[in-house]
Amino acid sequence: MIFAGIDIGSVSSETVIIDKNKKILSYDVVRTGSNSKKAAEKSIQAALNKANISFEDITNLIATGYGRKIVPFKSEEISEISCHARGAHFLFPNTRTVIDIGGQDSKAIRLNENGEAVDFNMNDKCAAGTGRFLEEMAKALDTSVEHLGKLSLRSKKSLVISSMCTVFAESEVVSLLAENETREDIAKALHNAIADRVLSLAHKVRLVNAVTLTGGVGKNIGVVDALKSKLPGMTINIPEEPQIVGALGAALIALDSANINA
Amino acid sequence: MDKSIRRLEFENLWGLLKQKREKQSSSFYTLKATKMRSSLLGKLFRRAYQKDSVVAWRSSFVPSEILFALDIIPFAPEGVIAMFANSHLTDEILRVAEDHGCSRDTCSFLRGIEGSVINDYMPMPDFLIATSLYCHGSAQVFKSLSKKYNKDFFYIDVPFHYERPYAVDYVAKQLEDMMKKIAEKSNRKFDIDKLKQAIIYSNQASDYFAKVNKLRMHKPSPMLGGEAIDYAVMLAHTFGIPEMVDICKTLYEELKERVDKGIGAVEEEKHRILWRQLRPYYTNTLFDYIERTHKAVIVFEEANCVYWKEMDPEQPFKSLAKKLLSNYGFGQVQRWLDFTNSFVIDYSIDGVIEFAHWGCRYLSASTQIVKDKILQSKNIPILVIDGDCIDRRDYSDGQVKTRIDAFIEILNRKKGYKK
């Protein structure tokens, strides 16, 4: 029996396919773009191709993420809170707090010992402190978002970006460049600012060890480094593919759900 | 200023209504009492625009009993802004306020009042009255508007240390002085017997409303929160007249009948929710989504609590002072926590939802303490929705629904429901 989870985010869409033993058979990540429905179809098709199976083989499929309601072929939809909690706990059973920094939102989820979400907090309309924010800041620093993390590790001087509004932060970055501050130090300051913002969400759910970081920004070593330095003594788990944790959680819930119904 | 200007103010408002009104569906108005309530509030609203009415603008908690005893029409600008928001008139009104320099970071109830005054939508007041309870902003806005209209402003100072021995006499004297002064200025008779009668009506109405609240403890809950929450506006505004007694009595009888017959507000009630703070007034779909789609019934709203004791008509000012001083949201936070704690127990609450109004630091200040001190020890989940009661630009339906879905999933798991 085959189970699938699909996570339609604002920036990227992911599909994860697992078997009845919870083994990941394949996964895929695509840019969501302007048509979430098409992105969903594209992502699932790519994952099916990689696993060399057809859609009919899927026993149960759960959709999550902000676009979960428009996925046409789902069995059920579950919020991303429950899916991230499930996925993170599966990968790291010691997880008690999930910090998810996605494309346009970030969230903190506290889990009980069974891996179930018991409290959560999400950012509001503003995309500051998310993947989209980093993309804009990378442009201002004339680099790629992939390179931004490594750049910040070479920082020698402590700077502060005080504004978390994407627009104002960009003008702060431009001012700092004009003052001959280095790109390395500015990148570090940006990552610190993101860490502060997401930790303020996490402290409201009373952050507990261990922390698992999910979402695409988890790939950014600069943000990971900033979080580690602000959470001394705490374990921070980083999944190999932090982007697919929500979709993995959805696939696991699809399996749980089929077992309950069986 | 000539009071005939009220006709023009009403015409201005009418013009805006015809041009901009987007009526919200109110499918959760299922009770006769609710229709009676709307009709009473509508009647008072229209009378406030009449030339020969004496109108007192009052902020929440100013005792309406005193005004009714003087035949003065109470007008609650904050409540009226909520009504305007329900018809989406506030899009225009807030824009006007911002054009005149009001910051979007300030409370939208107060910004709405400013915008409505600038565009002459509000009936010119004869008096403006505010208290020190909860909101300092409304007192400041009223004070500044009293200069614009050249009318008297009264401020009732309710002391933070409500339990101290001087507190009752201190507040009672302010109320008595105010009533005398308003009577004198408006050529109304200071008739203590009329005030005593208003207190009797107030007691009768609050007695019925307390019984209503008790009926809502029943499983399944006989009333939707979406219908109940707007009673809070009336609770603050219409005590002291027989019509209010009729409404509360009717509401009690209607709910009693439902409870006796075992009729719940929704079929298959799954969760029981306590609601903190007010609601977004520009959308009626949020409550429908929580209560009808998810079967999570809002069984009680803190704003509807009858927190005061029966008043003694023979000591009307002292009684009204005690009513003001017994407001649980005022004073140390512990007092509020004790009330929330008792609501959670009395109403068999499964989860708490708080709609945290943007710009109100007062109401939001207790949220984390409630979460840490009460709900965590009882293992009761809380969802805090940051939003704005009036300004719909700060509301995203999809984001709010995602949070509600996730919250309901937590409640479902706790109860072992699959979905």
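Values computed for the structure shown
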| read-out | value |
| --- | --- |
| Which listed residue is in a helix (DSSP H, G or I) and free of Cβ contacts under 8 Å to residues at least 12 places away in the same chain, from A:Glu172, A:Glu184 | A:Glu172 |
| Which numbered condition B:Phe343 fails, given (1) over 30 Å from B:Ile113 (Cα atoms); (2) within 14 Å of another protein chain (Cβ to nearest Cβ); (3) buried (at least 19 other Cβ atoms within 10 Å of the Cβ); (4) not basic (Lys, Arg) | (2) |
| Residue ID - farthest from the other protein chains (Cβ to nearest Cβ), chosen from residues in the stretch A:200-221 that are outside any helix (DSSP H, G or I) and surrounded by 19 or more Cβ atoms within 10 Å (Cβ to Cβ) | A:Asn220 |
| Long-range neighbours under 9 Å by Cβ, at least six apart or interchain, first residue more than 9 Å from chain A (Cβ to nearest Cβ) and surrounded by fewer than 17 Cβ atoms within 10 Å (Cβ to Cβ) within the stretch B:385-402, second at pLDDT below 90 and assigned to a loop (DSSP other than H, G, I, E, B) | B:Arg393/B:Arg104 |
| A:Ile78 among the aliphatic types (A, V, I, L, M), within 14 Å of another protein chain (Cβ to nearest Cβ) and over 25 Å from A:Leu111 (Cβ atoms) | no |
| Residue check, A:Val224 surrounded by fewer than 20 Cβ atoms within 10 Å (Cβ to Cβ) and under 23 Å from A:Gly87 (Cβ atoms) | yes |
| The lone exception for B:Ser366 - which of (1) more than 10 Å from every other protein chain (Cβ to nearest Cβ); (2) touching a residue at least 40 places away in the same chain (Cβ under 8 Å); (3) in contact with a strand residue (DSSP E or B) (Cβ under 9 Å, 6 or more places away or on another chain); (4) not hydrophobic (A, V, I, L, M, F, W, C) it fails | (2) |
| Residue under evaluation B:Lys419, criteria (1) at pLDDT 95 or above; (2) facing chain A (nearest Cβ under 9 Å); (3) part of a loop (DSSP other than H, G, I, E, B), criterion not met | (1) |
| Filter pass, A:Asn35 being free of Cβ contacts under 8 Å to residues at least 12 places away in the same chain and closer than 24 Å to A:Val217 by Cα | yes |
| Residue check for B:Ala97: crowded, with 21+ Cβ neighbours inside 10 Å, over 30 Å from B:Asp177 (Cα atoms) and without any contact (Cβ under 8 Å) to a residue 40 or more places away in the chain | yes |
| Pair list, Cβ < 6 Å and 6+ apart or interchain, from the stretch B:346-358 residues that are under 14 Å from B:Arg276 (Cα atoms) to residues that are among the aromatic types (Phe, Trp, Tyr) and modelled with pLDDT of 95 or more | B:Tyr347/B:Phe300; B:Ile353/B:Trp275 |
| Residue in the stretch A:85-120 that is nearest to A:Ile8 (Cα to Cα), counting only those that are crowded, with 20+ Cβ neighbours inside 10 Å and within 10 Å of chain B (Cβ to nearest Cβ) | A:Asp105 |
| Condition check for A:Gly65: at the interface with chain B (Cβ under 10 Å from one of its Cβ atoms), in contact with a Gly (Cβ under 7 Å, 6 or more places away or on another chain), farther than 18 Å from A:Leu207 by Cα and in contact (Cβ under 8 Å) with a residue 12 or more places away in the chain | yes |
| Meets criteria (in a helix (DSSP H, G or I), modelled with pLDDT under 90 and not basic (Lys, Arg)) for B:Gln19 | yes |
| Scan of the stretch A:52-62 for residues that are farther than 21 Å from B:Lys414 by Cβ and within 14 Å of chain B (Cβ to nearest Cβ), ordered by number | A:Asn60 |
| Any hit, the stretch B:374-385, residues being under 19 Å from the mean Cα position of the chain (by Cα) and on the phi < 0 side of the Ramachandran plot | yes |
| Near pairs, Cβ below 6 angstrom, 6+ apart or cross-chain, from the stretch B:316-337 (within 14 Å of B:Ser364 (Cα to Cα)) to any residue that is part of a loop (DSSP other than H, G, I, E, B) and of a type outside the set (Val, Ile, Thr) | B:Phe330/B:Leu133; B:Val333/B:Ser366; B:Trp336/B:Tyr328; B:Trp336/B:Gly329; B:Trp336/B:Ser366 |
| Test: residue in the stretch B:187-199 that is exposed (fewer than 13 other Cβ atoms within 10 Å of the Cβ), closer than 30 Å to B:Ala97 by Cα and out of contact with any Ser or Thr (no Cβ under 9 Å at 6 or more places or on another chain) | no |
| Members of the stretch A:227-262 found to be hydrophobic (A, V, I, L, M, F, W, C), buried (at least 17 other Cβ atoms within 10 Å of the Cβ) and touching a residue at least 60 places away in the same chain (Cβ under 8 Å), listed by number | A:Leu227, A:Ile244, A:Val245, A:Ala247, A:Leu248, A:Ala250, A:Ala251, A:Leu252, A:Ile253, A:Ala254, A:Leu255 |
| Residue, nearest to B:Phe330 (Cα to Cα), within the stretch B:30-61, restricted to residues that are of a type in the set (Gly, Ala, Ser) and assigned to a loop (DSSP other than H, G, I, E, B) | B:Ser60 |
| Only one of B:Asp71, B:Asp52 that is surrounded by fewer than 20 Cβ atoms within 10 Å (Cβ to Cβ) and at positive phi | B:Asp71 |
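One line per residue, one yes/no per condition, for (1) modelled with pLDDT of 95 or more; (2) under 14 Å from the mean Cα position of the chain (by Cα):
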| residue | (1), (2) |
| --- | --- |
| A:Thr214 | yes, yes |
| A:Asn237 | yes, yes |
| A:Leu252 | yes, no |
| A:Asn259 | no, no |
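The values are calculated or read from the model by the stated rules, or taken from the named source; none is laboratory data. Note that the structure is a prediction, hence the values are computed from the model and not measured. Heads up, the Cβs are rebuilt from the backbone with ideal geometry, glycines too, and the neighbour counts pull from every protein chain shown.
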